[in-house]
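See structure below.
The values are calculated or read from the model by the stated rules, or taken from the named source; none is laboratory data. The model shown is predicted, which means the values in this text are computed figures rather than measured ones. Cβ atoms come from the backbone with ideal geometry, glycine included; neighbour counts cover every protein chain shown.
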Amino acid sequence: MKVNYCKTMKAIINVKIYDYETYIEDGFCIYGKEIIKAGYMYDFPDFDGEIIDGKNKILLPGLINFHTHIYSTLVRGASIPFNPKSFRDILEQLWWKFDSKLDNTSTYHSAMVYGLESLKSGVTSLIDHHASGKEIIGSLEALKKAIVDKLGMRGIFCFETSDRFNIDECIEENLAGLKYDSFDAKGMFGLHASMSLSEETLDKVSRVLKGAPIHVHVAESKEDEDDSLENYNTRVIDRYLKYGLLNKDSILAHCVHIDDKEAQNISQNKAVIALNPTSNMNNAVGAFNIDLFRNNNIQILIGNDGLGTNIAKEWTYFFFAGKAGINDAAGIGFDELLNYINDSYDYFGRQLGIKIGKIKEGYVADLVLLPYLNPTDMDKNNAFGHVFFGLFENFKPSCVIVKGKTLIENYKSIFDEEKLYKDAHMASKALWERLGDA
């Protein structure tokens, strides 16, 4: 029987399908902006639309980066005097110098490059934590224009409120971002970290927040907790609780040095933690304690803190670093890891009001297609082992689809990459000149 499928729809056939829950050895997926039907090839209907042959490939949901700094793209190769002895030195000698000179032009072009490289790494959605001292107003719109409007990805954006910036402008920009409310883009309220936020600033934020979730660095280094105890006689999470800032679905990045009471409060207030394993190792700030998070039933997300775009790799490093952090080779099992991955899709879908992360009818068609010839038997029981050890370390999809539109095909994007990088290069020259004047 012929089913009346729209000719604008596409179908991927003869493909392995895995969505971290269901595995199909030889399947198909029919999709427009959402998935229309997925199943086994023996059930594939008559179909008039475009057909993509997925033989010797595997179809997965697109990945999500839950904590990044898009602007880091344009620091690549910059010569900035750098001799840190502490985490605060890293901020003051590099990142705070750099972000103080960012304007909306450099923000936009950094996002075009970062978004493109994210797509090529199979990342179809991201949550950005932005800072730009030269131009605060309009910076989130610059990010949205690049990531969502031009590149066709999904994004959640916020501005990193900090006492080193104009606080009133930080608040104004975050409130502008909170007005984003679509299936593609949304805002959160961004804060840098306790050690750069005065009581006056937290009070100002508390007066306008109105229950919105915050996105903030928490106890990334021990210095953040030490500063809070020395200057405010309380720990970091208690400061945010005092001002009613720890709202449901707030993203607390890092949380390497929180204690058990702080973990309990995070859990009770239904906030989430975004871990960034590679960044923590790079900055030598310490290892997170997975036991602390799971004993308190805290939801875990994965980001990369702007260090590259390979989120698949971050999930592997989370797995290995989590074991090392508690000195237990069996400390994290695949079932637990799968729960974190699936729950993270649920979190993102909740924020945007979409169904994402499954290759099933009604879920958004944000998909990645990767070549994969399994050297051993592959079935529903061991599919994740194949994906984790066979693909995550070098995750390079041949095809990337977002909202049903193919953005990467045969490893090449649909965009004018040469112009995109040339424009970014020009923006970086102007930025680096400003850095030289610092």
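The residues on offer are Asn289, Asn265, Asn231, Asn282, and the sole one that is polar (S, T, N, Q), at pLDDT below 95, out of contact with any Gly (no Cβ under 8 Å at 6 or more places or on another chain) and in the same structural domain as Leu191 (by TED's automatic domain parsing) is Asn282. Only residues that are within 18 Å of Ser250 (Cα to Cα) and not acidic (Asp, Glu): list them for the range 132-169, please. Scanning the range 132-169 gives Gly155, Ile156, Phe157, Cys158, Phe159, Thr161, Ser162. Considering (1) of a type outside the set (Phe, Trp, Tyr); (2) farther than 24 Å from Val216 by Cβ; (3) without any contact (Cβ under 8 Å) to a residue 60 or more places away in the chain; (4) not in a loop (DSSP other than H, G, I, E, B), the lone condition that Leu94 does not fulfil carries the number (2). For Asp328, the test of being free of Cβ contacts under 8 Å to residues at least 40 places away in the same chain and assigned to a loop (DSSP other than H, G, I, E, B) is passed.
The lone criterion from (1) among the basic types (Lys, Arg); (2) surrounded by fewer than 17 Cβ atoms within 10 Å (Cβ to Cβ); (3) farther than 27 Å from Glu418 by Cβ left unmet by Lys97 is number (2). Would you check if there is a residue in the range 200-221 being farther than 24 Å from Lys97 by Cβ, acidic (Asp, Glu) and touching an Asp or Glu at 6+ places or on another chain (Cβ under 9 Å)? There is at least one residue in the range 200-221 that is farther than 24 Å from Lys97 by Cβ, acidic (Asp, Glu) and touching an Asp or Glu at 6+ places or on another chain (Cβ under 9 Å). For the range 248-271, taking the residues that are of a type in the set (S, T, N, Q) and in a loop (DSSP other than H, G, I, E, B), the one that is farthest from Gly322 (Cα to Cα) is identified as Asn269. Taking the criterion of being of a type in the set (A, V, I, L, M, F, W, C) and either under 18 Å from Phe28 (Cβ atoms) or over 24 Å from the mean Cα position of the chain (by Cα) (or both), the residues of the range 365-387 that qualify are Ala365, Leu367, Val368, Leu369, Leu370, Leu373, Met378, Ala383. With the structure loaded, tell me whether Lys150 is surrounded by fewer than 24 Cβ atoms within 10 Å (Cβ to Cβ) and within 18 Å of the chain's Cα centre (by Cα) or whether it fails that test. No: the conditions fail for Lys150. Apart from one condition, Leu431 fits all of (1) surrounded by 19 or more Cβ atoms within 10 Å (Cβ to Cβ); (2) touching a strand residue (DSSP E or B) at 6+ places or on another chain (Cβ under 9 Å); the exception is (2).
For the range 165-207, a residue qualifies if it is under 21 Å from Val236 (Cα atoms), hydrophobic (A, V, I, L, M, F, W, C) and out of contact with any Lys or Arg (no Cβ under 9 Å at 6 or more places or on another chain), and the qualifying residues are Phe165, Cys170, Met188, Phe189, Leu191, Ala193, Val205. Listed by first and then second residue, the pairs with beta-carbon distance under 6 Å, at least 6 apart or on different chains, first residue in the range 119-142 and farther than 23 Å from Gln351 by Cβ, second part of a loop (DSSP other than H, G, I, E, B) and of a type in the set (Lys, Arg), are Lys134/Lys101.
Quick one: is Val236 of a type outside the set (S, T, N, Q) and under 18 Å from His67 (Cα atoms)?
Details: of a type outside the set (S, T, N, Q): yes; under 18 Å from His67 (Cα atoms): no.
Spelling it out, it is not the case that Val236 is of a type outside the set (S, T, N, Q) and under 18 Å from His67 (Cα atoms).
Quick grid of which residues meet (1) surrounded by 15 or more Cβ atoms within 10 Å (Cβ to Cβ); (2) out of contact with any Pro (no Cβ under 6 Å at 6 or more places or on another chain); (3) of a type in the set (D, E, K, R); (4) within 27 Å of Glu92 (Cα to Cα):
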site: Lys261; (1), (2), (3), (4): no, yes, yes, no
site: Ile298; (1), (2), (3), (4): yes, yes, no, no
site: Gly303; (1), (2), (3), (4): yes, yes, no, yes
site: Asn310; (1), (2), (3), (4): yes, yes, no, yes
site: Gly331; (1), (2), (3), (4): yes, yes, no, no
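Considering the conditions (1) in contact with a helix residue (DSSP H, G or I) (Cβ under 7 Å, 6 or more places away or on another chain); (2) buried (at least 18 other Cβ atoms within 10 Å of the Cβ), Gly138 is excluded by exactly one of them, (2).
Taking the range 101-153 as the range and being in a loop (DSSP other than H, G, I, E, B), over 23 Å from Asp181 (Cα atoms) and out of contact with any Phe, Trp or Tyr (no Cβ under 8 Å at 6 or more places or on another chain) as the test, the residues that pass are Lys101, Asp103, Lys134, Glu135. The residues listed here are Glu21, Glu25, Glu117; of these, the one that is modelled with pLDDT of 95 or more, more than 20 Å from the chain's Cα centre (by Cα) and within 25 Å of Pro277 (Cα to Cα) is Glu21. Screening the range 357-385 for residues that are out of contact with any Leu (no Cβ under 7 Å at 6 or more places or on another chain) and within 18 Å of Ser121 (Cα to Cα) and picking the one that is surrounded by the fewest Cβ atoms within 10 Å (Cβ to Cβ) gives Pro371.
Rundown of residues vs (1) of a type in the set (S, T, N, Q); (2) crowded, with 16+ Cβ neighbours inside 10 Å; (3) outside the structural domain of Leu275 (by TED's automatic domain parsing), yes/no style:
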{"site": "Glu50", "(1), (2), (3)": "no, no, yes"}
{"site": "Ser72", "(1), (2), (3)": "yes, yes, no"}
{"site": "Ser86", "(1), (2), (3)": "yes, no, no"}
{"site": "Glu117", "(1), (2), (3)": "no, no, no"}
